[in-house]
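Undergrad: After the structure tokens below, expect a handful of questions from me.
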Amino acid sequence: MEGQQVARVVIGLAAAVGLAVVAALPQVRRWEQRLGLGVLTASGLPLLLLGYAFQTFGIISPKTLTDLRPAYEFGLGWIGVVVGMQVNVRRLDEFPPWFMTAVVAVTVPPILFAALGSGLVLAAFGALPGTGLIRDIIVLAACAAVSAPANLRLLLRNRPPATANIVRAITRMDQIAAFLLLALAASLFRPAAGTVLWRLPRSGWFLVTIGVGFLLGVIIYLLIRRVESRTEELSLVLGGIALAAGVAGYLALSVPVVCALAGAVLANVPYRERDRLENMLGDVERTIYLLMLFLVGTAWQPLEWQGWVLGVVFAATRAYGKLIGARLAVRVGGAQLPSPPTLALSLLPESAIAILVIFTLATLHGSTAPAVRWAVNAVIIGSVLTEIFVQVRQRRESRMAGEETGPIVTHFV
């Protein structure tokens, strides 16, 4: 790049980082919680639009994204470790025996329905299996799996606190399904010959992903297990995540999946400062999510009508799958869960992990196929449509709560 272009990119990226830091402030988060908004439709929308503006005016190009690959792979790795740290086997003992069955029940139907609906739409638009159709369907299904809790204080106001804890835990566990699908996509669809040095069967790459993730988790643990100060721990964790992301990127593995496996190791080994480590990782997590939204904006093509059609189908099939899954989960959990419509609404908002997943698709082996652009648009449009629907239903619930209890309206509206 020429000097003038480099200056524009540096200034633009500095502005994006500054906006992400401001949007991650506690005051902004409290504002979002008060209005019951999601990350994408509230503080993330300006960064998404900024990324689109950078793309439109030529400030960020595909070549620039290639140059930034080490930086955004580190960000993907950081979020992956945060997700993996939530998979603490010991904490599962706090939930009823049927909990994992309920997680599977509410996670699998959205995956299947979204995969079927998205696959039919992409096939109708001319996407063929040889052009990455199966890969795109798998990644879109991964996006459909993840969920974020809605306004549980409102929706579950007549339920015991244990019910809200179960719903929140479900939104953390369904991320595992998304990451498994990501690992499957990265194993089945490898880069062109000559890009990586190793030659293995597809099943071998899946096993390599698991092995590398656990090995890197053990290495990070060995580095930090005797650390006393937070500063030293931070520096070693930064190096560990950079190592994990670099190894995964070099082998063309899914960076967030490998780092999530490393995080899962850290969550389950006997580390006395685990809470401090989780807090340290969580402090930066939201800022990185917002920067991912900015980078997604640089690949966003909102003017392509195919993406809008795909987005409507994606949102509708995902919502129907959530309702079917909620019915199955209530059969398993019984009275400890709310009614199926309430549970489905509580799990309907799209998690910010979906943005990470679709960004992984947009950058996987430098793919710029039309179906990939449509998929990016579909996840964004689907998230916005879902958020609008959830907001309408929550306002209705808020009015009902106001008629019964009064003060809840002033808190949630």
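The values are calculated or read from the model by the stated rules, or taken from the named source; none is laboratory data. From a predicted model like this one, the values you see are computed outputs, not experimental measurements. Glycine also receives a Cβ, built like all others from the backbone with ideal geometry; neighbour counts cover every protein chain displayed. These area figures cover heavy atoms from the full protein model, side chains too; ligands, DNA and RNA do not enter into them. Shrake-Rupley method; radii C 1.70, N 1.55, O 1.52, S 1.80 Å.
Undergrad: What order do you get for 201-207, 118-124, 390-396 when each peptide is scored by the mean count of other beta carbon atoms within 10 Å, highest first?
TA: Taking the mean over residues of other Cβ atoms within 10 Å, the ranking is 118-124, 390-396, 201-207.
Undergrad: Once you have the alpha carbon radius of gyration of region 50-130, what is it after dividing by 2.2 N^0.38 Å, with N set to its residue count?
TA: Against the empirical 2.2 N^0.38 Å value, I get 1.71 for region 50-130.
Undergrad: Before rounding to the nearest 500, sum -39500 (n - 2.57) across all DSSP H runs of length at least 4 in the chain and divide by the residue total; then give [θ] at 222 nm in deg cm²/dmol.
TA: Calculated from helices alone, the mean residue ellipticity at 222 nm is -25000 deg cm²/dmol.
Undergrad: With only Lys, Arg, Asp and Glu charged, each at its Cβ (+1 for the first two, -1 for the last two), find how big the charge dipole of region 217-291 is about the Cα centre; round to the nearest 20 debye.
TA: The calculation lands at about 140 debye.
Undergrad: Taking R0 as 51 Å, what FRET efficiency do you get between Leu116 and Ala7 from their Cβ-Cβ distance, rounded to the nearest 0.05?
TA: Taking R0 as 51 Å, the efficiency between Leu116 and Ala7 is 0.60.
Undergrad: May I ask you to compute the full-extension gain from Ile388 to Val17, defined as 0.36 nm times their residue separation minus their alpha-carbon distance, rounded to one decimal in nm?
TA: Working: separation 371, 0.36 × 371 = 133.56 nm, distance 2.75 nm.
Full extension of this stretch gives 130.8 nm more.
Undergrad: A further question follows. How much net charge surrounds Glu233 when only other residues with a Cβ under 15 Å from its Cβ are counted (Lys, Arg +1; Asp, Glu -1)?
TA: So the environment of Glu233 carries a net charge of 0.
Undergrad: For the chain, which span is the longest to avoid every loop-located (per DSSP) member of GluC sites (Glu not before Pro) having at most 16 other Cβ atoms inside 10 Å? Before the final figure, lay out each step's value.
TA: Numbers: sites that count: Glu2, Glu228, Glu273, Glu304.
Excluding the exposed sites themselves, the longest stretch runs over 3-227.
Undergrad: With the crude spin-label approximation of a point 7 Å out along Cα→Cβ, what separation in nm comes out for Leu243 versus Asp93?
TA: For Leu243 paired with Asp93, the spin-label model returns 3.1 nm.
Undergrad: Let's test the formula: R0 of 51 Å, r as the Cβ-Cβ distance of Leu207 and Arg396. What FRET efficiency results, to the nearest 0.05?
TA: 0.55
Undergrad: Quick check: the distance between the Cα centres of region 82-103 and region 222-298, to the nearest angstrom?
TA: 20
Undergrad: Please report, in debye to the nearest 20, how large the charge dipole of the chain is about its Cα centre when each Lys and Arg carries +1 at its beta carbon and each Asp and Glu carries -1 there.
TA: Values: 33 positive and 22 negative charges, 118 e Å.
The calculation lands at about 560 debye.
Undergrad: Counting only heavy atoms of the protein chains, get the accessible area per residue of the chain (1.4 Å probe) and round it to a whole Å² value.
TA: 44
Undergrad: Projected onto the charge dipole of the chain (+1 at Lys/Arg Cβ, -1 at Asp/Glu Cβ, origin at the Cα centre), which of Val106, Asn151, Tyr250 gives the Cα projection farthest towards the positive end?
TA: Of the candidates, Val106 comes out farthest on the positive side.
Undergrad: For the residue pair Arg69 and Arg199, what label-to-label distance in nm results when each label sits 7 Å from Cα along the Cα-to-beta-carbon direction?
TA: 2.1
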